[in-house]
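A short write-up of the structure that comes next.
What follows draws every value from the coordinates through simple rules; no lab data is involved. All values derive from a computational prediction rather than experimental measurement. Positions of Cβ are backbone-derived with ideal geometry, glycine not excepted, and every protein chain shown enters the neighbour counts.
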Amino acid sequence: MRENSVCANALDEYTPLIGESEVKELRLLVERLGSVRMTMINSTRTGGGVAEILWRLMPLFEELGVQATWQVMKGDEPFFQVTKNIHNALHGMPHELTPKEREIYLSTTKANAPDLDFDHDFIFIHDPQPAGLIKYVKSRKATWIWRCHIDISHPVPGVWNFLEPTLRRYHSAIVSSPAFAQGKLGIRQFLFYPSIDPLSDKNREIPQREINGILKRLGIPKDKPIVLQVSRYDRLKDPIGVIRAFRLAQRHVPCRLVLAGGAADDDPEGAEVLAEVKAESGDDPDIHILVLPPDSNLEINALQRAATVVLQKSLREGFGLTVTEGLWKKRAVIGSAVGGIPNQIRNEVNGVLVHSVAGCANEIRRLLSDRVLRERFGKYGHEAVREEFLITGALRRYLLLMLMLREGLH
Amino acid sequence: MGEFFTLKTSSNLVEITGLRAWNMRQLGEMIGMAPDESIFHHTFQSFREHHYVTEPYASDFAQWAEVSLHFPLLAEELGVLDIRDFVSLEALRMELMGIVMRVVDEHSNWARRPADYPFDFCRSYSVINELGLQANTPGELARILPQVGIRCLHYHLIEARLRIGLKGNDFSFWLRSQWEDNHKCLDVADAIESMDIYHYTLPELRDRIINLLREVDV
């Protein structure tokens, strides 16, 4: 049974998007890999980007003939509070793990070990929550790989010192960007870019009629070109900077700004930032501040397809999948040169990298005025995503990694 | 009957080496110490990843010099390098390092100036697979090529020169070795070899190769 309206697509459905040769290559890799048993282990089956991608990835493995399972470790609220603190500390947010927190983490992972099946050739552990399982499994038959979806380049030392000895037990790690790698990890680190599913509600083609309907429902007129930033209301996404850049550009080119982010009810800082954003925008009728429910995938899809320019003017960023989504939809994308954005935007080839409010404003003006340039960026952006950032590319990388580990890396 | 042309494809896995340059001098030093697979990744692989567009700087090194170091002089010097001039990664490495260190010497005030974001050296591992497609004549090859992906084309046209250690490619090598007395074949082999890979995308190059192969009657 599929949850959260997530439905898997057959490999053949991707063929028109990626080409027959790509699908054939996947089949060749599986043929060469032979019989392997692999499992993915994470901490939730619903919510979050990891679960979202696994729901769609696992059936593709199955269809290709790989014996692949997905297991979910169990944890209670205190455990997930501890892992949230670990997650934030790995991102660099100050936090010292108390003895109690350490005990909760270790005892929960230990309690999970007997309930999970480790009789596999390859075990992929996603993120820090289940990372400790490796300590409690005696059999070393499997090759253990830690798939880290977060930036661990600047962790808080205390939390890192707690996790590092466990992580060193893994054969290797997978990170999402060279910038997110950890120099002190002491095991090999492979690069798997995050990916989007081109057939999901957030990214699939939708008819213009549907886009128009969604815009109307959201109260956004189509009389002027739309400049869009999709991101939660967080200071690191610099929504105030976006408004200031928009205002500078607006003096020269008529346009509308749409800021679309998630609800901030359970996030006091988010609510504060949202209030600041509303204050900054004043009563400008050309600025639309949207607070969307978490499952607004079609709405985001429609907004991105309706936008003339897509922004991601973050001060700090993870990989920045909103950039990937904009590029896939052939939009002209302006991104800050932070986090994973330079991995996606080749400056002046498929988009532009900026460093300031003024730079962002200049580029909004330039792109709104130059349709040919927008179309060129859009075309090459789409190709860049097709080449590197689709779910089928993630599938290929998993197969390649298992194949190369099985055959022995140089 | 001569040898079949067997079409293959190359899939790549990328590993992060941990070498990270924050300025021009470090870039030069690390080019000197990076593994061969890393030099391959940032020049040959980069060329494939961006196959869909002709851009001013095909190598990652030149692109970084332009966008992150904001030092166009170095970008231009690195960007003008033609990977077809090299039949070994060591020779390519020496040339790259030589350029960077010369620019460092000539512009010492820029040498340690920090970049916007670092250059992370990665390395590529290639897995080669046969596609199960073979051609016996240039005409057959012309009919098959539209079915193959970009990685196959890159393998035979670009990566080939590292494998066969010649300033050539698999297509030209095959034509010359199979039809050494056929002037038209030799001309087509030369024409494929002289195609400007920097001014056409890989799909465009494929179309040109197909058109050239169609001209041959054997």
- Net length gained if the chain between A:K379 and A:Y136 were fully extended (0.36 nm per residue, minus Cα distance): 82.5 nm
- Item | Partners for A:K74 among lysines (Cα-Cα distance below 22 Å; same-chain residues under 8 apart left out) | A:K84, A:K100, A:K110, A:K135, A:K138
- Message: Can you report the principal axis dimensions of chain B using only the alpha carbons, biggest first, rounded to whole angstrom?
- Response: 62, 30, 26
- Item | Total formal charge among the other residues, if their Cβ is under 14 angstrom from that of A:T69, Lys/Arg +1 and Asp/Glu -1 | -3
- Item | FRET efficiency, A:E276 to B:E204 (Cβ-Cβ, R0 35 Å, nearest 0.05) | 0.10
- May I have the extent of the alpha carbons of the protein assembly as shown along their three principal axes, as whole Å values ordered from largest to smallest? 79, 67, 57
- Item | Whole-angstrom gap from the range A:146-221 to the range B:48-80, using each part's C-alpha centre | 26
- Message: Within 10 Å of each candidate Cβ there may be at most 13 other Cβ atoms; applying that plus a DSSP loop requirement, which trypsin sites (Lys or Arg not before Pro) in the range B:27-117 survive?
- Response: B:R112
- Is the range A:66-183 rounded, prolate or oblate when judged by the Cα gyration tensor, a ≥ b ≥ c being the square roots of its eigenvalues, rounded requiring a/c under 1.5 and prolate requiring a/b larger than b/c? oblate
- Message: Suppose R0 equals 35 Å. What FRET efficiency, 1/(1 + (r/R0)^6) with r the Cβ-Cβ distance, do A:R251 and A:R217 give to the nearest 0.05?
- Response: 0.70
- Note on the structure: Taking a ≥ b ≥ c as the square roots of the eigenvalues of the Cα gyration tensor, with a/c under 1.5 meaning rounded and otherwise prolate when a/b exceeds b/c and oblate if not, the range A:318-410 is prolate
- Query: Among all lysine pairs in the range A:208-388 that are eight or more places apart or on different chains, how many have alpha carbons less than 20 angstrom apart?
  - Reply: 12
- Message: Checking the a/c ratio against 1.5 first, then a/b against b/c, what shape does the Cα gyration tensor give for the range A:142-288?
- Response: prolate
- Message: Based only on other Cβ atoms within 10 Å, what is the fewest-to-most ordering of B:M30, B:M94, A:M93, A:M38?
- Response: A:M93, B:M94, B:M30, A:M38
- Output field shielding_mean for B:140-150 (other chain Cβ, 10 Å radius) holds 2
- Query: Which ³J(HN,Hα) values in Hz, rounded to whole numbers, follow from the phi angles of the range A:372-389 under the Karplus curve 6.51 cos²θ - 1.76 cosθ + 1.60, where θ = phi - 60° and Gly and Pro get x?
  - Reply: 4, 5, 4, 5, 5, 4, x, 4, 6, x, 4, 5, 4, 5, 4, 6, 10, 10
- Message: Give the lysines reachable from B:K8 as a straight Cα distance under 17 Å; neighbours fewer than 8 places away on the same chain don't count.
- Response: A:K24
- Task: Within 10 Å of each Cβ in peptide B:129-136, how many partner chain Cβ atoms are there on average? Round it to a whole number, please.
- Result: 2
- Determine, for A:L403, A:L373, A:L395, the number of other Cβ atoms within 10 Å of each Cβ, and report the residues in order from fewest to most. A:L373, A:L403, A:L395
- Please arrange B:V216, A:V82 by counting, for each residue, the other beta carbons lying within 10 Å of its beta carbon, fewest first. B:V216, A:V82
- Query: For the range A:266-388, what size does the Cα cloud have along each of its three principal axes, sorted from largest down, in whole Å?
  - Reply: 39, 29, 26
- Message: For peptide B:16-22, what's the mean number of Cβ atoms from other chains within 10 Å of each residue's Cβ?
- Response: 5
- Query: Tilt of helix B:183-193 relative to the longest C-alpha principal axis of chain B, in degrees (0 to 90, nearest 10)?
  - Reply: 20
- Item | Sparse-neighbourhood loop sites, GluC sites (Glu not before Pro) in the range B:109-218 - DSSP loop, at most 15 other Cβ within 10 angstrom | B:E180, B:E215
- Query: In degrees from 0 to 90, rounded to the nearest 10, what is the angle of the helix A:391-407 Cα long axis to the longest principal axis of chain A?
  - Reply: 30
- Note on the structure: Quick calc: nm separation of the 7 Å Cα→Cβ label points for B:E215 and A:E269 -> 6.4
- Item | Cα radius of gyration and Dmax for the range B:12-123 (Å) | 12.8, 38
